[in-house]
């Protein structure tokens with residue numbers, strides 16, 4: 001039984017497999033001279049069409065031709081990205097239980113499919129192509145996905161694979177698969193940048209390679225830029241030329257616009273060959289009976305798209321800035337994805353790094369992720385051969401995980417980009433007086449205050465003897481497995497009753513939420529710094545009040561009756577003021593703390609063995 005590797009992109013898909021006869025990884029030919037399949041599925045009265053056939057069919061029946069369905073995987077219907085994509089798609093996307101579904105006419109019947117089901121249809125087609133090529137049943141698969149895919153999206157991909165009747169060996173990151181395909185193993189290279197320019201996304205990743213170990217240290221991406229934007233620029237250029245020649249607007253004819261878009265894409269790919277300086281298009285009866293012919297030169301093509309090429313470099317700026325790196329710290333650049341075949345893209349990338357490093361590419365950069373996935377599939381399926389090498393490629397958390405402490409502050413238990421599987425344990429003091437149970441609130445995100453992060457679950461910890469806050473401690477543990485599933489557990493330290501919760505992928509942040517949070521981090525950075533100072537001051541005041549209260553209750557013999565009565569009333573008033581003043585500015589908390597430390601100076605000398613000191617939040 002064979003195992004295949006698939007790169008299931010939102011624009012193109014590719015499949016590769018270990019071939020025992022040739023003893024090498026082979027990319028499966030989809031059609032004559034074509035190894036990548038457009039991500040289209042057409043539902044017709046006579047059956048289903050895939051790839052180029054489906055894309056061509058979309059000109060005549062756009063509402064029953066589905067494409068880019070990967071962009072829906074694991075996303076809620078009200079996800080901003082879904083809503084933006086829906087306005088660009090001619091097929092029907094509606095909501096069912098809050099999740100997007102697609103309705104088409106399939107062989108004369110009105111059928112509603114989930115994105116997972118349509119993805120499974122594509123996977124099954126690619127599986128059948130591989131079986132036809134190697135003449136062996138295929139039962140297992142490794143699928144490459146963008147590194148920014150959330151756990152919910154990866155789980156949706158696993159569901160699609162199961163629907164297709166295959167065993168999933170691994171969901172791998174495309175950037176890691178590309179590095180494996182380009183045979184970067186046996187190297188020891190830190191700071192390898194993988195620049196992946198796809199049809200509708202761009203992502204740049206930072207890898208460290210140590211022999212057979214591939215570690216992805218960071219990733220930046222955009223879902224709103226890719227090769228399709230180059231097509232749109234060419235389309236607009238052709239449409240304007242057509243209007244100038246015939247005084248007819250193609251943009252008012254969906255059918256003509258789709259035909260011209262296909263021609264625009266073909267023109268773009270022609271310039272992947274550096275020897276080609278011009279290409280021509282010829283479309284009979286494009287619109288209102290007018291034939292359209294035009295010659296597009298390389299100079300015009302590159303001028304049309306130059307600003308888009310440069311826009312992709314902004315992701316590199318963010319990647320280097322977040323990792324406190326200079327351009328000279330980058331030791332290698334690997335360009336993959338179909339868009340990297342364009343000469344001008346590689347030129348702009350080289351100029352960005354001041355021509356210091358050669359831009360490395362594989363022979364066919366749009367096939368690298370599928371080849372890397374196939375290498376992993378072969379290894380996991382028990383194939384041993386000198387041409388493939390066992391590799392280790394740990395996944396990482398897309399977002400930090402933590403708990404709420406001190407009335408709304410996020411204490412990170414595991415930081416973003418931590419290699420999984422991973423665990424973390426911390427002891428925190430109780431936060432409520434005289435209670436038998438405490439609630440641990442678990443969050444996901446990068447913001448300082450929990451209300452700005454994504455809530456995951458509440459964990460109720462019992463077995464406490466009623467006492468003052470801070471007397472007992474709670475041991476909190478996080479455990480993230482290979483699949484990114486989070487187990488949270490807690491108990492009264494050291495050996496109280498264990499409480500635990502499993503956080504399912506459905507409750508985790510989806511890709512849209514992750515994207516929005518990461519894109520907003522820079523904007524809210526200064527806000528969080530100011531807020532942190534305010535919250536630290538608030539916590540300092542809170543700690544002082546309750547430390548004084550605890551010492552007085554634990555050591556009553558240190559005060560006489562008058563002092564004890566007076567301090568009890570003072571503490572009640574201070575706590576009441578604090579509870580009503582949670583949103584005060586930093587300066588107000590400072591004034592209150594100065595006032596209390598002065599008024600209580602004689603009492604604190606008695607009850608503290610040494611001067612009171614502030615212990616910052618962990």
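With neighbour counts taken as other beta-carbon atoms within 10 Å, the residues 454, 243 rank, fewest first, as 243, 454. Report, in degrees rounded to the nearest 10, the 0 to 90 angle that the Cα long axis of helix 298-322 makes with the longest principal axis of the chain. Taking Cα atoms only, the helix is inclined about 20 degrees.
Which percent, to the nearest 5, of DSSP beta bridges fully inside the range 184-361 are antiparallel? Walk me through the intermediate numbers first.
Details: 25 of 32 bridges.
Antiparallel bridges make up about 80 percent of those DSSP assigns within the range 184-361.
Working from Cα positions, state the angle (0 to 90°, nearest 10) between the long axis of helix 115-134 and the longest principal axis of the chain. The answer is roughly 50 degrees.
Labels on offer are (i) 29.9; (ii) 27.1; (iii) 27.7, and the one holding Kirkwood radius over Cα pairs in Å computed from this structure is (iii).
Provide 405, 15, 168, 488 in ascending order of the number of other Cβ atoms located within 10 Å of each residue's Cβ, fewest first. Walk me through the numbers before you get to the answer.
On the way: 405 20, 15 32, 168 17, 488 23.
Result, fewest neighbours first: 168, 405, 488, 15.
Got the relative contact order for the chain handy, in percent, Cα pairs under 8 Å and 6 or more residues apart?
Working: 1159 pairs, mean separation 73.0, N = 618.
Computed over the chain, the figure is 12 percent.
Evaluate the relative contact order of the range 397-508 (contact order divided by residue number), counting alpha-carbon pairs under 8 angstrom at least 6 apart; express in whole percent.
Working: 273 pairs, mean separation 28.3, N = 112.
It rounds to 25 percent for the range 397-508.
Going by how many other beta carbons lie within 10 Å of each one, how would you line up 455, 434, fewest first?
Sorted ascending by nearby Cβ count, the order is 434, 455.
The C-alpha atoms of the chain define a longest principal axis, and helix 561-580 lies at about 20 degrees to it.
Since every read-out is calculated from the coordinates, none of them should be taken as a lab result. Bear in mind that the values here come from a model prediction, so they are computed numbers and not experimental data. Note that each Cβ is placed from the backbone with ideal geometry, even for glycine, and that neighbours are counted across all protein chains shown.
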